[in-house]
Every structure is written in C-alpha cells, then in structure tokens.
1. Compute the distance from the alpha-carbon center of the stretch B:398-426 to that of the stretch B:14-37, in whole Å.
2. Only sites in a loop by DSSP and with at most 13 other Cβ atoms within 10 Å count here; which GluC sites (Glu not before Pro) in the stretch B:443-538 make the cut?
3. Taking 45 Å as R0, compute the FRET efficiency from the Cβ-Cβ separation of B:Phe482 and A:Val52 and round it to 0.05.
4. Any idea how far apart B:Asn186 and B:Val22 come out in nm if each label point goes 7 Å out from Cα toward Cβ?
5. Please say if the stretch A:396-455 is rounded, prolate or oblate, where rounded means a/c under 1.5 for a ≥ b ≥ c the square roots of the C-alpha gyration tensor eigenvalues, and otherwise the choice is prolate for a/b larger than b/c and oblate otherwise?
6. So if R0 is 41 Å, what FRET efficiency would A:Leu103 and A:Gln79 give, r being the distance between their Cβ atoms, rounded to the nearest 0.05?
7. Over chain B, what is the relative contact order in percent, taking alpha-carbon pairs closer than 8 angstrom and at least six residues apart?
8. Taking chain B as the reference, fit the longest principal axis to its C-alpha atoms, fit the long axis of helix B:70-82 to the helix C-alpha atoms, and give the angle between the two in degrees, 0 to 90, nearest 10.
Amino acid sequence: MMKKQTKSGLLAGGLLMSGMASAEYGLNLPKGVSDYSGQVYDMHMMVLWICVVIGIGVFGAMFYTIFAHRKSKGVEPAQFSHSTTVEIIWTAIPVLILIAIALPATKGMMQMDSPRDAQGEPVTMDMTVKITGYQWKWRYDYLDEGFGFLSTLTADSNIARQKGSGVDVNTVDNYLLDVDNPLVIPTNTNIRFLLTSDDVIHSWWVPEFGWKRDAIPGFINEAWTNIKEPGTYRGQCAELCGKDHGYMPIVVEVLSQSDYAQWLAQQNGDAVAEQPATQNESSGTELTESAQSDESDTDMADVGETLPTEVGESLTETTSDETDEQMSDQQAQESQAQEVTAGNENEQSDGGWSMDKLMARGEEVYNTQCLACHKIDGSGMPPAFPSLVDSEVVSGDVAKNIDVVTHGVSGTAMAPFGRMLPAEDVAAVITYIRNSFGHETGDRVQPADIEAVLQ
Amino acid sequence: MSHDITHDELSQDHDHKPKGFVNRWLLTTNHKDIGTMYLVFALAMFILGGSMAMVIRLELFQPGLQFVEPFFFNQMTTMHALFMIFGAVMPAFVGLANWMVPMMIGAPDMALPRLNNFSFWLLPFAFVVLASTFFMPGGAPAGGWTMYPPLVLQGGQNVAFLVFAVHLMGISSILGAINIIATIVNMRAPNVGYLNMPMFVWTWLITAFLLILVMPVLAGAVTMLLTDRYFGTSFFNAAGGGDPVMFQHIFWFFGHPEVYIMILPSFGIVSEIIPTFARKRLFGYVSMVYATAAIAFLSFIVWAHHMFSVGMPLGGQLYFMYATMLIAVPTGVKVFNWLATMWRGAMTFETPMLFSIAFVALFTIGGFSGVMMALAPVDLQYHDTYFIVAHFHYVLVPGSVFAIIAAAYYWLPKWTGHMYDERLGKIHFWWSAISVNVLFFPQHFLGLAGMPRRIPDYSTQFAEFNMWSSIGGFAFGLAQVFFVYIVIKTVRGGQKATSQVWEDAKGLEWTVPSPAPHHTFDEYKPVDLNRMAHGDTH
C-alpha cells in the first residue's frame with residue numbers, strides 16, 4: 001500500500017507541489033482554486049478588516065478609559081447618563097456598515113445558487129458528479145459516464161489512527177487526509193455536484209472550493225464549481241456523522257482536460273490500460289492505475305490490464321451498484337484470465353475462488369471497511385459495535401451471516417455492504433471473518449452466493 | 001408544616017430559618033436557599049462538564065488517538081455541551097435570579113415558592129437520568145447536543161433517557177420562568193415601576209419570556225425523536241416520507257433563542273457591576289432595555305443561519321442572512337453603552353469589575369466572529385469548523401461564564417456576609433483571562449485552516465494550535481478549581497462584609513444586612529427609589 005502511494009505520489013509530478021501546499025501550516029482561509037472561492041475569500045478578508053478596524057476603535061476607547069478614568073488618579077465621576085445624538089450615531093453607523101457588507105454577500109450567494117458568466121448569461125453545467133455519503137466513506141458517481149466508486153481513508157492512516165497502534169502519525173503521508181480512490185475532475189469545466197446520503201447527514205467540504213454542502217438522506221442537494229488549477233485538494237466530512245466522523249476525508253484530483261479525458265477513457269475501458277512508462281507527465285494515467293488497483297481486487301486489476309475492452313468495462317462496472325448481472329460474465333472470463341495471467345494458480349477447478357485468495361482479499365476488505373467498528377482483532381466495541389470473536393452470526397449459519405453483511409442491520413451502523421461493495425469483496429470478507437478471530441468454520445463464500453441474495 | 005417548626009423556634013432564630021437539613025433544603029420555599037441550591041448545583045455541573053472538556057482537550061493535545069476511542073470522544077462532546085448549557089449556565093442564571101430579583105425589586109420572596117422548590121428539584125433528577133446513560137450498554141448520547149436525526153436515533157437505549165432528561169430540564173426551565181415573570185409583574189414594591197427596575201431584572205424578565213416560548217418547542221422536537229425511535233413514526237425519516245431537515249428547523253427555532261437565554265442575563269449582570277465600579281449611572285438605560293427586547297425579538301427570526309449548508313432556497317438564505325446581520329445593531333448599542341458608562345467615571349478594578357470588563361472585550365470578539373458568520377457565502381466555509389467552536393465559546397465562556405463569575409464575586413459578600421479574598425480573586429481573574437484566550441483564540445486559526453469540529457483526531461498540520469489550545473484548556477480548568485476554593489473559603493469565613501459592601505453601589509440589595517437575612521422586604525411598602533440600580537430615565 002505504501003509503495004503504491006509513493007509511486008502515484010512521485011508520478012503525479014506537478015500535483016505533488018499543491019499537495020504539499022495544502023498540508024502547510026495555515027492561519028487563514030485558503031484563497032481557493034475557483035473564481036467563486038476567490039470571491040468568498042475576498043468577502044472574508046473584507047469583513048475581517050472591518051471587524052479589525054471597529055475593534056481597534058472599541059478596544060482603543062476601552063484601554064483609554066481604563067487608563068485615564070480611574071479613581072486612583074483622583075478623578076471625579078461625570079454625571080452624564082445618556083446622549084440621544086451619540087446613541088443615534090452609533091446605531092446608524094453599524095446599519096450602514098452592514099448594508100455595505102450585505103451587498104457583496106448577496107451577489108456571492110446568487111452566484112452559488114444560479115451561476116452567471118461575465119455577460120450575465122446563465123452558466124450551463126458541463127458534467128455532473130453525484131456524491132453519496134456513507135458511514136464513513138464517500139461514493140462518487142459520474143452520472144454522464146455511468147460509473148462510480150467508493151472513496152475511503154487509506155489503510156496506512158486507518159491503521160495508524162487506531163488507539164495504541166504504535167505508529168507515529170507524523171510518519172504517515174497526509175495523515176487522515178488521504179483516500180484510496182480520489183474524486184477526479186477536469187479543470188475549467190462547470191461541474192455540478194449532486195449530494196445525498198445513504199444513512200445519516202454528512203457534509204462535503206473541500207476548503208479550496210469555497211463551500212460545503214450537506215449530504216442528507218432523502219434529499220438531493222446541489223452545488224457547483226469550476227476549478228482553474230490542476231492539483232490535489234483535500235477536505236473532510238464536516239457534519240458529525242457518528243463514531244468515525246473524523247475519518248472520512250475527501251480528496252479531489254483536478255486534472256487538465258486532456259489528462260482527464262485520458263483518465264476517463266481508462267475508466268470506460270476505451271483504451272488499453274497498460275500505458276507506456278514514458279507518459280509520466282500525464283499523471284492522470286498513472287494515478288488511475290493505482291486507483292483502480294486499490295478499488296478492486298489486485299488480481300482482478302491485473303486481469304483488467306491484460307484483457308481487451310469488454311473485460312475492463314465489466315471490471316469497472318462491478319464497482320458500481322449493478323454488480324448482479326456482470327458477475328457471472330466476469331467469472332466466466334476469469335478462467336480465461338487464468339490463462340493469460342501468470343502466477344494466478346489459486347483458482348479452483350470448480351471455477352470458484354480458492355480459500356487462500358478469498359482470505360487474502362477478505363483481509364484487505366476487512367481492514368478498509370470493517371476494522372473501524374469491529375477492530376483489527378474482531379473484538380469490536382460491544383454493544384454498539386458487536387464483537388466478531390464470540391458472535392453467533394459469524395460462527396453459526398452462513399446464510400444468516402451473508403444476510404447481515406449484505407443487507408446490513410437497520411437501526412445500527414451496520415451498513416448494507418451488498419449495495420456498496422463488489423460481490424467478490426463481500427464474499428471474501430465473509431469468508432475471512434468466518435475463518436479468523438478463532439473461528440474455523442471452513443466456509444468458502446463465493447461471489448455467486450452474494451449475488452443470489454441480492455437478486 | 002415547616003412553618004410550624006419555625007414558629008416554635010422563633011425565639012432562638014431571628015432569621016426564621018427552618019431547622020434540620022430536610023426542612024431547610026429539601027422542603028424549602030425560601031428564594032435565597034433555593035437560589036443557593038441552584039448555584040451550588042450549577043457549580044457542580046460546571047466542574048463535571050468541565051472535566052469532560054478536559055478529556056476532549058487531552059485527546060486533542062496531539063494527533064493520533066492516545067486516550068479515548070472516537071465513540072467515547074463523541075459522548076464527551078455531546079455531554080459536555082448538555083451539562084454546560086442545561087446544567088451549568090442556565091441553572092446558574094436561575095439561581096442568581098432567585099437570590100437577587102426579589103431583593104432588587106423589594107419583594108419578600110418569589111411569587112410561587114413551592115413551584116420554585118419543584119423546579120429546582122427536577123434538575124438533579126434530570127441529570128441523574130442523563131448521566132446514567134454513561135453506564136448503559138451503548139453508552140451516552142454521542143450525536144451532538146443538537147441531536148440531529150438520523151444520527152441521534154442510532155443511539156440505542158440512551159435515546160429515551162436523553163429525551164426524558166431534556167423534558168425534565170425543559171419543565172424545570174418553564175416553571176422557573178413562569179415564577180420569575182409572576183414575581184416581576186406582581187411583587188414589585190408599590191412605587192417600583194418597570195422603568196425603575198435594575199437591568200438584571202429587565203434582562204431576566206425578557207429571558208423568562210424566551211424560555212416559556214421556546215422550551216415547549218424543544219420538548220416537541222425531542223418527543224418526535226422519541227416516537228420516531230420507538231413507535232414507528234417517520235417525522236424525520238426520509239424513507240417514511242419524513243424530513244430530517246425539519247428537525248433542524250424546529251431545533252434551531254428553540255436553539256437560537258436559547259443562545260440568548262444564555263447571554264441576556266449576563267448583559268444584566270455587567271450592567272449592574274460596571275456602574276458600581278465606575279461610580280457612574282448606567283449609560284442609556286432605556287436604550288439598553290429596548291436593545292435587549294430587540295435582541296430577544298430578533299432571536300426568533302434568525303434560526304436558519306445555523307443551517308446555511310442544508311441547501312435552502314436562495315430567498316430563504318438571503319432573508320436569514322439579513323435578519324442575522326441586524327442583531328449586530330442592538331448588540332453594538334449595548335457594548336457602546338457599557339463603554340460610555342465607563343467613560344469619565346472614577347473606576348476601581350475589584351475582581352467583579354475585572355471580569356465584567358473582560359466580558360465586554362471578549363464578548364465583542366465573539367460578536368465580531370458572529371458578524372462574519374452572518375454572511376452566508378462565507379459561512380459555508382466557517383460552518384462546522386473550529387472557527388465556530390471559537391465563536392460560541394468566546395460568547396459562552398468569557399461571555400456568560402465570566403459574567404456569572406463576576407456576579408458571584410459581586411454578590412458573595414451579600415450572600416455569605418464575608419468578603420472574598422481580593423488578592424486570590426485577582427489571581428483567579430488574570431489566570432482565567434489569559435488562559436481562556438490561549439484556549440480559544442487559536443481555534444479561530446484551526447477553523448480557517450480547515451479543521452472540522454467534533455473530530456477526535458486531526459491531520460498533523462493542525463497539531464501546533466491544538467497543543468496551545470489544550471494547554472490553555474488545562475490552565476483554564478485548573479483556574480476554576482481555584483475558584484471553587486475561593487468560594488468555599490469565603491463561605492467559611494473572611495473579613496465581615498458591611499451591608500453596603502461596595503462604595504456607593506446602587507441597588508436595594510445593598511440596603512439589607514450582609515449576609516442577607518432569611519426574609520427581606522416582608523412588608524409591602526414603598527422603597528427609596530434613589531437607592532435603586534436603574535439608570536437615568538429622564
């Protein structure tokens with residue numbers, strides 16, 4: 001995992017600089033990277049300076065009177081106790097100041113609500129990204145392109161952040177501000193965001209964009225941006241959303257339009273995934289590779305790189321909601337993949353996944369998706385987050401176990417992972433928990449079993 | 001019942017104090033004893049809520065998790081807020097009202113003494129119910145004091161306890177408020193008109209109306225949470241056709257006036273103290289009354305400025321922005337009036353005055369960040385970050401809490417008959433005033449630099465300011481333990497206080513002996529208006 005990050009970090013070239021800049025020690029609101037965020041910054045500075053000037057007046061008068069009008073200096077107290085003139089003045093002046101502040105603020109809000117260009121014409125949106133909040137990860141769906149993926153705190157942050165992990169968090173790159181799959185968007189494009197949530201209220205916030213917007217279950221909120229500068233921009237969930245509210249960062253990779261087109265082509269499988277190493281400058285390509293291999297099974301990514309179009313396509317789609325139909329297809333192709341991918345001898349003769357492969361994949365999934373609540377040793381934090389060690393669900397009937405993981409448990413933080421993760425991930429993780437933490441059920445849950453209950 | 005006992009023992013006790021712990025405290029109907037119980041209760045809750053804040057600052061001292069799990073951290077932030085708001089600040093104000101309002105208007109007691117006893121004794125039970133959740137499976141409420149669904153409904157068994165505790169606190173507040181209004185309207189000495197009343201009485205009258213108007217709204221909101229959780233309703237459940245944002249509207253319709261419930265009595269307190277130590281009448285008394293009423297009115301029509309990020313229509317956002325900005329005007333008037341009261345006075349700087357001046361200065365800083373956040377587009381950056389944590393702690397800690405501490409030093413000699421130790425009081429002031437700024441000022445920077453609130457761990461670029469903030473926090477916490485020591489020392493003994501206590505201080509409370517006898521003003525007769533603390537009404 002570390003190696004992958006270093007690789008993508010180095011290859012990201014120019015992106016690295018802005019990544020470092022955002023990790024700098026900040027005192028003030030960032031100016032941001034869109035026209036809008038610049039306006040917000042200017043408004044912030046204006047009202048800040050107005051407050052500073054008023055403050056100098058008020059505190060100056062206060063210090064003067066404390067210094068000059070003290071009994072120890074032998075002064076006699078004055079007798080005045082009202083002055084209509086003065087009172088009218090200090091009522092009227094603040095009103096005028098407030099009007100002066102309200103004007104740009106009104107303009108700014110109208111710009112956020114219904115953006116207009118310099119000529120006053122309504123701005124049209126070039127693309128739409130749907131953002132869904134989950135406890136505790138984000139999902140990004142590219143509505144125009146028909147694909148999407150989950151974005152989760154990276155494993156090294158996730159391990160270092162555990163209490164008593166023994167890892168010095170200062171050694172972790174972008175501690176708590178790094179994800180496996182960043183949102184990738186192009187520069188100089190009007191991008192509409194549609195925000196919603198699948199469980200509790202979250203809030204999507206990248207300070208450099210100049211706004212935050214709540215992701216609310218049952219609602220679709222709207223926001224937009226147009227980023228001028230390519231770079232990596234980081235943010236966090238801003239609305240308390242439960243135990244791991246502090247651990248659902250947001251990372252946005254903004255690519256130049258050509259890099260973005262390339263990245264998109266790869267996501268769509270329109271290009272052969274393997275790119276010549278000479279394309280280092282177009283960081284998008286390289287980032288994509290690591291992103292893709294993070295998001296799906298490593299074995300599968302290998303497959304994707306060596307197989308032609310259709311397979312790449314189906315691989316991408318398995319990460320979206322519609323896993324059901326694709327899977328049988330994919331499994332069929334997997335046996336083909338065996339032939340082209342060297343060292344993939346784990347496949348069983350029955351076409352299912354081997355125990356070793358399920359366990360390896362399961363551990364990976366467990367460490368990104370489950371560890372937050374159930375802990376690395378499965379002990380959980382009962383009763384809110386049950387222990388898997390002495391769980392009857394885990395040691396008992398496998399069908400019940402599949403049901404719990406696939407459909408979640410309503411009224412608790414246990415999410416319906418069948419809708420969020422590819423079936424093979426769900427299968428692998430169920431296999432993993434049923435054969436870890438002291439359990440030795442020997443059950444081998446196959447992706448097909450998950451599909452079956454999702455039907 | 002207790003009445004008979006006091007009659008029997010009349011000869012031994014000039015104060016008519018009931019004998020025995022049960023009669024004196026549990027069954028008391030005396031406004032001073034109930035006031036004392038409120039104040040002691042508030043101090044205990046302040047220390048408890050403060051220790052939760054210490055846990056928070058300890059965990060945030062450096063990045064990485066060292067002491068508590070994130071889930072427990074969320075319980076700490078939630079319970080810290082509930083304890084401080086409903087357990088410390090509000091009961092402290094009610095305690096001050098109990099002690100001072102009857103004495104300030106020449107009344108023998110509160111209008112409804114038994115109700116007074118009941119409204120106090122609800123509180124310890126409410127907080128036992130609330131605190132008991134710490135020992136339950138699933139732990140204490142961890143969804144924030146704002147109790148937003150759907151998150152709060154994931155709380156397991158604690159939801160019911162949270163809701164019932166809030167109900168009890170609400171009933172206590174409503175009854176207390178009814179009592180205060182009834183007292184002020186009906187029990188003033190015969191020649192005391194409304195515009196003769198001290199500012200503290202005025203601010204409490206207005207606060208009491210706020211309480212009566214908004215506490216039932218909170219009760220309604222939490223009751224809907226209860227039925228959503230246990231009886232299958234869908235008020236706030238989108239899947240059942242409900243609306244999670246509706247809860248926020250209802251909550252903040254309570255919540256914003258609640259903010260002023262916690263600050264208006266502070267305005268009253270410093271409006272008593274500053275004239276005393278400036279040896280000059282309060283400047284612009286009438287405009288102070290109008291400004292307080294204006295702030296109270298505005299507090300009902302600005303609630304959604306807490307919710308700019310939920311995606312309201314443009315018109316709604318603009319309206320709430322403009323209405324919010326208006327609050328700056330009457331609040332500014334108040335600050336200017338306090339300054340003008342000090343202007344060309346003959347000031348001395350005893351501990352209550354020091355805390356009051358610090359109140360005016362630091363509350364103004366909280367006011368500035370308030371104006372900044374009124375601007376909706378910029379608020380979308382500040383919202384839910386440490387910037388707002390800094391803002392509301394500036395108005396609540398060096399705001400409300402400093403005012404309460406100032407009131408305690410100002411009236412302790414009247415309550416106990418002993419002067420507090422001025423040297424220790426000044427140490428307490430400087431210790432608190434410096435540490436509170438080390439604690440909260442860096443949080444402005446943290447918020448602007450992008451640190452969200454309510455997180456147990458943070459990215460390493462936030463480490464330095466968090467460390468400063470924690471150091472300030474520990475120092476401030478320790479200073480308040482020192483305050484408890486000063487109070488206990490004063491109760492136990494010290495220089496005898498005169499009835500006047502402070503040179504030339506206005507106010508009927510200074511016409512009765514120190515400590516104030518168990519019963520004061522028990523004859524219905526005119527008082528000397530020149531001794532009242534009101535300002536010049538032309």
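Any read-out appearing in this document is the output of simple, stated calculations on the displayed coordinates, not a laboratory observation. Keep in mind that what you see is a predicted model, and the values were worked out from it rather than measured. When we count neighbours, we look across all protein chains shown, and the Cβ atoms used for this are built from the backbone with ideal geometry, even at glycine.
1. 23 Å
2. Working: sites: B:Glu464, B:Glu503, B:Glu509, B:Glu523; in loops: B:Glu503, B:Glu523.
Within the stretch B:443-538, the qualifying GluC sites (Glu not before Pro) (loop, at most 13 other Cβ atoms within 10 Å) are B:Glu503, B:Glu523.
3. Numbers: r = 34 Å, r/R0 = 0.75.
For R0 = 45 Å, the calculated efficiency reads 0.85.
4. Placing both labels 7 Å beyond Cα along the Cβ direction yields 3.0 nm.
5. oblate
6. The computed FRET efficiency comes out at 0.45.
7. 19 percent
8. Roughly 30 degrees between the two axes.
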